[in-house]
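Let me begin by presenting the structure, written as structure tokens, before commenting on it.
The values are calculated or read from the model by the stated rules, or taken from the named source; none is laboratory data. All values derive from a computational prediction rather than experimental measurement. So basically every Cβ, Gly included, is an ideal-geometry build from the backbone, and we count neighbours across all protein chains shown. To get the accessible areas, we keep the full protein, side chains included, count just its heavy atoms, and leave off ligands, DNA and RNA. Shrake-Rupley method; radii C 1.70, N 1.55, O 1.52, S 1.80 Å.
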Protein chains: 2
Amino acid sequence: MSKFIVETSARHVHVTEADLITLFGEGATLTRKKDLSQPGQFACEERVTIIGPKKELAGVSILGPTRPSTQVELSASDARAIGVNAPIRESGDVSGSGACQIVGPCGVVELSEGVIVAKRHIHLTPEDAEELNVKDKEVVWVKIETADRTAILGDVVCRVHPNFARAMHIDTDESNAVSAGRDQMGEIVKL
Amino acid sequence: MSKFIVETSARHVHVTEADLITLFGEGATLTRKKDLSQPGQFACEERVTIIGPKKELAGVSILGPTRPSTQVELSASDARAIGVNAPIRESGDVSGSGACQIVGPCGVVELSEGVIVAKRHIHLTPEDAEELNVKDKEVVWVKIETADRTAILGDVVCRVHPNFARAMHIDTDESNAVSAGRDQMGEIVKL
């Protein structure tokens, strides 16, 4: 079985311990609401408002656990709507990326960089990678078949790690562009 | 040269003469703001608000001239945001499509159907169709090459008419999913 699930990542924020305290107050911790497909990752009860020069986005989820740098992942539609110039980047690659304000109930974080549009990618274990015949960082084509908007997405980065679970992640623009359904599957194709 | 320009259609509305009067008052006519690529089609100065069960979209453009039926074309992101269930359809195929309110300065149109997400398509003259070796209504794959989000879109309908100008139309979700630039080109590929 060479397929994998295609999951849609809605806009979300990763925060550092320090920014968590700024946003939610001294002693604040992230409250697990729902586990995500990647082991150890979870959606939190805590939500923030992302403010750009043109508009704001309220009720944006935080994903835990905390990280070494604060990062805001938006769709390009979102970024454009709020007036932030967000490059397409892999998670963690935030140097020179977009700026915004993050507002929580106890304070404001002025983010000088950290707003990105996530580069589409597949999380794979080493066993999955071997089965699919791909390597870490390899860029592949993925066919996503749907009733009305089948597409083959290029520029998909394979990310291989023993702690990953097999799943492709696309953002809401990409999800809507292929009209991805629940339990949407994809497969690597050679062109 | 087998390529064609790929244009992004932002959310917009087509109106009937009757609905134009309801929205903008007795004697109202559409005011041409900018010609579009398709001959005779133009963006208008007149704007309306689209109201769904969850939210509204203000300042939505009307495209002229008036048409036999009123139609609201949203991205799936838009439709979801305002809470309207809009199917993916070709322009004009509005039977059983989404409902919304359209609000203008002089009145409100209760649209029981007419909200769609446009099916991606290519406008071609008969000469273009011959050159590209496609027929009217044929469904093709189109490769769109960009720096970060190259994709091959399936389910693209060819529409052939002497009054058309050669251009592919995608919506804002699709445009963001491929990171389409200005003067973005596409080409039909056989898979």
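Below is a table of values for the structure above.
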{"quantity": "Protein accessible area in region B:1-104, 1.4 Å probe - carbon and sulfur %", "calculated": "49"}
{"quantity": "Within region B:32-164, percent of DSSP bridges classed antiparallel, to nearest 5", "calculated": "75"}
{"quantity": "For region B:96-141, alpha-carbon Rg over 2.2 N^0.38 Å", "calculated": "1.86"}
{"quantity": "Buried solvent-accessible surface, both chains (A, B), 1.4 Å probe, Å² to nearest 100", "calculated": "2000"}
{"quantity": "Cβ charges +1 (Lys, Arg) and -1 (Asp, Glu), total dipole of the protein assembly as shown, debye", "calculated": "60"}
{"quantity": "Mean separation of Cα contacts under 8 Å, 6 or more apart, over the residue count of chain B: relative contact order %", "calculated": "26"}
{"quantity": "Cα gyration tensor of region B:53-160 - equivalent ellipsoid semi-axes, whole Å, descending", "calculated": "30, 18, 12"}
{"quantity": "Positive minus negative residues near A:ILE62 (Lys, Arg vs Asp, Glu; Cβ under 15 Å)", "calculated": "0"}
{"quantity": "Neighbour cut-off at most 10 other Cβ (10 Å), DSSP loop, trypsin sites (Lys or Arg not before Pro), region B:1-83", "calculated": "B:LYS54"}
{"quantity": "Calculated [θ] (222 nm, deg cm²/dmol) that DSSP helices of n ≥ 4 give over the protein assembly as shown, each run adding -39,500 (n - 2.57)", "calculated": "-4000 deg cm²/dmol"}
{"quantity": "Shielding score for A:179-190, defined as the mean number of other chain Cβ atoms within 10 Å", "calculated": "1"}
{"quantity": "DSSP bridge orientation in the protein assembly as shown - percent antiparallel, rounded to nearest 5", "calculated": "70"}
{"quantity": "Across B:LYS54/B:LYS135; A:LYS54/B:LYS33; A:LYS119/B:LYS137, pairs whose alpha-carbon gap is larger than 29 Å", "calculated": "B:LYS54/B:LYS135; A:LYS119/B:LYS137"}
{"quantity": "Rh by Kirkwood over Cα pairs, then Stokes-Einstein D for chain B at 1.002 mPa s and 20 °C, µm²/s", "calculated": "124"}
{"quantity": "Cleavage-rule hits (trypsin sites (Lys or Arg not before Pro)) in region A:148-191: DSSP loop, at most 16 neighbouring Cβ within 10 angstrom", "calculated": "A:ARG182, A:LYS190"}
{"quantity": "Charge tally in the Cβ shell below 10 Å around A:SER75, where Lys, Arg are +1 and Asp, Glu are -1, A:SER75 excluded", "calculated": "-4"}
{"quantity": "Volume in Å³ per residue [convex hull over Cα atoms, computed for the protein assembly as shown]", "calculated": "148"}
{"quantity": "Centroid-to-centroid separation of region A:154-191 and region A:6-44 [C-alpha atoms, Å]", "calculated": "22"}
